[in-house]
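First the structure, in the form of structure tokens, and then the observations on it.
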Amino acid sequence: MKNKLEYLWPIVGLAAVVFSIYLLSKELKGVEVGQVWQAAVDRGLLMFLFAVGSTLVAYAALAWYDRIALLHIGRKLSWPIVSVVSFTAYALGHNIGVSVLSSGLVRYRAYSRMGLNVGEVAVVTAFCAFTFAYGAIFLGGIVLTGEPGLLSRLFSFPKGVAFAIGLGMLAFIALYQFGAIFHFKPLRFRSVEIAYPKPGIAFRQLFAAPLEIIGAAGIIYFALPDALNPGFFVVLGMFLASFCAGLISNAPGGAGVFEAVFFMIMLPHTANPDDPSVIQDKAAILAALLEFRLLYLLIPLAISCAIVLYTERQTIGGLIGSLTGGRSTADEGKPTSVAVETARRDPPKH
């Protein structure tokens, strides 16, 4: 069964990408590349810099995810190490797809060199994934109670039902915090046991998770033109639904899925899709989504690939040497990663 699922998930992701691209091709009929570029340029340098700042906030919060997870298992590593590992793990995980698995492999490669065992790395990875889900539920609850009509753009839910769902999500957040404070018994699902963290850890999650999502949503908020911008609160709700749909679809980088869902919420009903003003609006929305993909996904991906190539230079050199029948050009005495060099100077504290 496990082997079948390994083949099934990539197929599901590919199908999601193909279907989403089909939907987008219909939605973006008539939109020209020049219109998209002009819409991006019209926002100006200042708004672009604000979007860059939002990206930095998001990735700083992602590093905080790892820091909190390491504190949860009783490990302390320096901020520079955690920041580099977290950035690389998330930049690759967001783009490759199956984020928990792909980012987990990056974390294992880095953290195992600093003394963490397989079980500890698995806990860190799972804890980071839960922290994101926790933030999504928290902000989703706030959005649905504040703007319950947003959900009706995707599903035929009455506002009262959406409001009730929002309250339920906020109740879960409160239960989690109370469980940590009052030391509730661990939750058990068959052989899986979920223990509440210490109150200080849960309290940090309450701020770290929303901060990352708010930073990511801020990229789109600053990229959208004023005439189309419904306000940050609504943009946050649309981003949450779109980004989570991309993650659930298992599509690499949420390609197509993220954009398709965002368009469905942003422009749920169009009287005349061939109207020049409507086409211009679609070009502006697409420009904002492409700016998000560039800042949050593609540029971090390029940087993370450079980090991996640099830190794994001896391993890569050895592989090339074995394939060519010669010796590796890497210096044998050098450590295999920047993380190892730093760890030797600043060993992990228990």
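The values are calculated or read from the model by the stated rules, or taken from the named source; none is laboratory data. Note that this is a predicted model, so its numbers are computed, not measured. Every residue, glycine among them, receives a Cβ derived from its backbone with ideal geometry; neighbour counts consider all protein chains shown.
Scanning region 159-212 for residues that are of a type in the set (Gly, Ala, Ser), more than 19 Å from Ile73 (Cβ to Cβ) and not in a loop (DSSP other than H, G, I, E, B) returns Gly160, Ala162, Ala164, Gly166, Gly168, Ala171, Ala174. Right, Ser99: within 26 Å of Arg293 (Cα to Cα), at pLDDT 90 or above and among the hydroxyl-bearing types (Ser, Thr, Tyr) or not? Considered against the rule, which asks whether it is within 26 Å of Arg293 (Cα to Cα), at pLDDT 90 or above and among the hydroxyl-bearing types (Ser, Thr, Tyr), Ser99 comes out as no. When Ser112, Ser152 are checked against the criterion of being out of contact with any Lys or Arg (no Cβ under 9 Å at 6 or more places or on another chain) and without any contact (Cβ under 8 Å) to a residue 24 or more places away in the chain, Ser112 stands alone in meeting it. One residue stands out in region 109-151 among those that are hydroxyl-bearing (Ser, Thr, Tyr) and surrounded by 15 or more Cβ atoms within 10 Å (Cβ to Cβ): the one that is farthest from Thr311 (Cα to Cα), namely Thr145.
Condition check for Leu236 on (1) surrounded by 15 or more Cβ atoms within 10 Å (Cβ to Cβ); (2) farther than 20 Å from Leu286 by Cα; (3) in contact with a helix residue (DSSP H, G or I) (Cβ under 7 Å, 6 or more places away or on another chain): one failure, at (2).
Screening Gly149 with (1) among the small types (Gly, Ala, Ser); (2) within 26 Å of Ala58 (Cβ to Cβ); (3) modelled with pLDDT under 90 gives one miss only, at (2).
Asn229 meets all of the listed conditions (1) in contact (Cβ under 8 Å) with a residue 60 or more places away in the chain; (2) surrounded by fewer than 20 Cβ atoms within 10 Å (Cβ to Cβ) but one, namely (1). Tell me whether region 106-116 contains one or more residues that are in a helix (DSSP H, G or I), more than 15 Å from the chain's Cα centre (by Cα) and polar (S, T, N, Q). Yes, the conditions are met somewhere in region 106-116. Taking the criterion of being surrounded by fewer than 21 Cβ atoms within 10 Å (Cβ to Cβ), closer than 25 Å to Ile248 by Cα, small (Gly, Ala, Ser) and without any contact (Cβ under 8 Å) to a residue 24 or more places away in the chain, would at least one residue in region 72-93 satisfy it? Within region 72-93, not a single residue is surrounded by fewer than 21 Cβ atoms within 10 Å (Cβ to Cβ), closer than 25 Å to Ile248 by Cα, small (Gly, Ala, Ser) and without any contact (Cβ under 8 Å) to a residue 24 or more places away in the chain.
The condition of being in contact with a Ser or Thr (Cβ under 9 Å, 6 or more places away or on another chain), modelled with pLDDT of 55 or more and surrounded by 15 or more Cβ atoms within 10 Å (Cβ to Cβ) holds for only one of Arg43, Arg67, that being Arg67.
Within region 213-234, can you find the residues that are in contact with a Lys or Arg (Cβ under 9 Å, 6 or more places away or on another chain) and part of a helix (DSSP H, G or I)? Once the filter is applied, which keeps residues that are in contact with a Lys or Arg (Cβ under 9 Å, 6 or more places away or on another chain) and part of a helix (DSSP H, G or I), region 213-234 yields Phe222, Ala223.
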